[in-house]
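To start, the structure under review is shown below, and the notes come after it.
The values are calculated or read from the model by the stated rules, or taken from the named source; none is laboratory data. Because the structure is predicted, anything quoted here is derived from the model rather than measured. Using ideal geometry, Cβ is built from the backbone for each residue, glycine included, and neighbour counts are taken over all protein chains shown. In case anyone asks, the SASA skips ligands and DNA or RNA and just uses the protein heavy atoms, side chains included. Shrake-Rupley method; radii C 1.70, N 1.55, O 1.52, S 1.80 Å.
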Amino acid sequence: MIKTFNDDAIFFLGLSVGMGIFHCLLYLTVGADLLTQDSFANFFLLANVISAFATAFILRSYYDQHFKIAFVTGLIALFTTLLRVVVVYCILVPLTKAFQRYYPLILIFDLAATLLAASSLVLSRAGKNEWLKTNGVLSFLIACTTLALLIWSMQMHGGRTTPALERWQLCLSFVASLQPLLFIGYFRQLLVVQSKSSDSPQSSQQTTLLITARLLGVAMFLFLGVSLMGEGIRATRPQPEAITQAQFFKARTFKGQHNDTLSYRLLTPESYDPNQRYPLVVNLHGGAGYGTDNVRQLASWEIQQLTEPQNREKYPAFILAPQISHGTSWGGLPHLVTRDTIVFDLLRALKAEFSIDPNRLYVVGHSLGGYGTWHFIGTHPGMFAAAIPLSGAGDPALAKNMVDVSLWAFHGETDRNVPVDGSRNVINAIRQAGGHPRYTEFADVGHYLVPSLNATPGILDWLFAQKRTSQP
């Protein structure tokens, strides 16, 4: 039974190493887009279930070897890790966004428990084993570095991620994925030491269960791994509709006041006449438009509608589609760098370059872009004649600045990505401030609104009919 137990422990530790390395290599290839793929949450959960299964073998070994301190501290660390995994999974699915605010605190508790468990492997009786002692030192260093990065992120970047932080986190994840190799060395050592000791046969039921667990773990790894890899590779490429739209738009780059740059696409009206003034629509992309290719932001319902040949003829207008990268936002999201200033600098430059009607500036956006739409009209009163925020959340404290903007907001009642209260609350605040916004809430509809929007007539007619009575 001793040999079988150690073999099973080595198997699940090896599977945990394989999944960890696979995740790191895929993240290195795909980038942060990997975290938004449909299969990622389930892959993340499976990887941690297998890791917890391997940890159970380790704790059982501690118990058998009478490493009492290592056993107790390891059990505490396992509990805090499982708690962190549950919270992260709920955020990823997402079951509820409310857990997100508690994640830093839970992460700190988990790191503290990890530091305690790591110290026990070095300072307690378990430290007499060189494999365990080395593992304790490595685990302590990883936890300390993670804690230092967390503090740095909170103090220097307000909890936001940056490219440098992402690189450090990826390096730590890779090192942590190799850590089970030290436990494999420990169990292989036990195989040699215990080979001459008496052994008892394992029951057929236990054998069947463990063989089933092995096969199920490998099968799930292959299934979810292949699915995630396929989704990740597709995520690195622009969607076909974005590539189609790119032929109508001119790719441009704007340099801001602080030497920062913004990639954007611009569609000019057909038969543009500089003696005539045209409206301009700012389209703020959602999370799927993140990138640096200056193409992916064009795959949106708004762009599709605005570039329909009949609509281009009926509503001659400039269409502006800027693109931002991961770790940033259009505004309204506290943990991301806001890139609104450079967009407004670009708007001023475009008004100087082209014949644009300053009283007919419109802003539209979905999800991340919906947040940005609310943020733009809330922080720049008098700029826009109309706005269409889709599946976004606004700040009710800025409602007084939105009273004079013609608004038509849309949200799905069952939206789990951006809860519907994000629209309801700001709409109610605007009404209380004296405004008359239009609000359409789709029953039994989630985050993605395309079929419901297509079934709603008159959206573009309403948008292009709006005009400010005075120039901002």
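Considering only the chain, what is the antiparallel percent among its DSSP beta bridges, to the nearest 5?
Working: 11 of 35 bridges.
Restricted to the chain, the bridges split so that about 30 percent are antiparallel.
Can you give me the accessible area per residue for the chain, using a 1.4 Å probe, in Å²?
Details: 22920 Å² over 472 residues.
Dividing the accessible area of the chain by its residue count gives 49 Å².
How large is ³J(HN,Hα), in whole Hz, for each residue of the stretch 318-325 in order, when computed from phi with the Karplus curve 6.51 cos²θ - 1.76 cosθ + 1.60 and θ = phi - 60°, using x for Gly and Pro?
7, 10, 10, 10, x, 10, 10, 9
For the chain, what is the relative contact order in percent, using Cα pairs closer than 8 Å and at least 6 residues apart in sequence?
Values: 745 pairs, mean separation 57.6, N = 472.
Relative contact order comes out at 12 percent.
Taking 2.2 N^0.38 Å as the expected size of a compact globular protein, what ratio does the Cα radius of gyration of the chain give against it, to two decimals?
Details: Rg = 27.4 Å, N = 472, 2.2 N^0.38 = 22.8 Å.
After normalising by residue count via 2.2 N^0.38 Å, the value is 1.20.
Consider all pairwise Cα distances in the stretch 30-145 and report the whole-number % of them above 16 Å.
Details: 4290 of 6670 pairs.
That fraction is 64 percent.
Given the stretch 198-346, what percent of its DSSP beta bridges are antiparallel, to the nearest 5?
On the way: 11 of 16 bridges.
Once the DSSP bridges in the stretch 198-346 are tallied, antiparallel ones form about 70 percent.
If you plug each phi of the stretch 287-295 into the Karplus form 6.51 cos²θ - 1.76 cosθ + 1.60 with θ = phi - 60°, what whole-Hz ³J(HN,Hα) values come out, in order, with x for Gly and Pro?
In residue order, the calculated couplings are x, 5, x, 3, x, 10, 7, 6, 9 Hz.
List, in order, the whole-Hz ³J(HN,Hα) value for each residue of the stretch 222-231 obtained from phi through the Karplus relation with A = 6.51, B = -1.76, C = 1.60 and θ = phi - 60°; use x for Gly and Pro.
With coefficients 6.51, -1.76 and 1.60, one gets 5, 5, 6, x, 5, 4, 5, 5, x, 5 Hz.
Based on DSSP H runs of at least 4 residues, each adding -39500 (n - 2.57), what is the mean residue ellipticity at 222 nm of the chain after dividing by all its residues, to the nearest 500 deg cm²/dmol?
Details: 16 runs with 259 residues, N = 472.
For the chain, the value works out to -18000 deg cm²/dmol.
Please state the equivalent ellipsoid semi-axes for the stretch 260-320: what are the square roots of 5 times the Cα gyration tensor eigenvalues, largest first, in whole Å?
Values: eigenvalues 105, 41, 13 Å².
So the equivalent ellipsoid measures 23, 14, 8 Å along its semi-axes.
Amide H of ASN417: which non-local residues (sequence gap of 5 or more, or other chain) have their own amide H closer than 5 Å, using H built in the peptide plane?
HIS447
Rounded to the nearest percent, how much of the accessible area of the chain (1.4 Å probe, protein heavy atoms only) is carbon and sulfur?
Ligands and nucleic acids excluded, carbon and sulfur give 60 percent.
Count the DSSP beta bridges whose two residues both fall in the stretch 290-437, then state the antiparallel fraction as a percent rounded to the nearest 5.
Values: 0 of 10 bridges.
The antiparallel proportion sits near 0 percent.
For the stretch 342-472, what class follows from the C-alpha gyration tensor (a ≥ b ≥ c being the square roots of its eigenvalues): rounded when a/c is under 1.5, otherwise prolate if a/b is larger than b/c, else oblate?
Numbers: a/c = 1.76, a/b = 1.51, b/c = 1.16.
It comes out prolate by the Cα gyration axes.
Say the dipole of the chain comes from +1 at the beta carbon of Lys and Arg and -1 at that of Asp and Glu; which of PHE71, SER177, THR261 then lies farthest toward its positive end?
Checked the options; the winner is PHE71.
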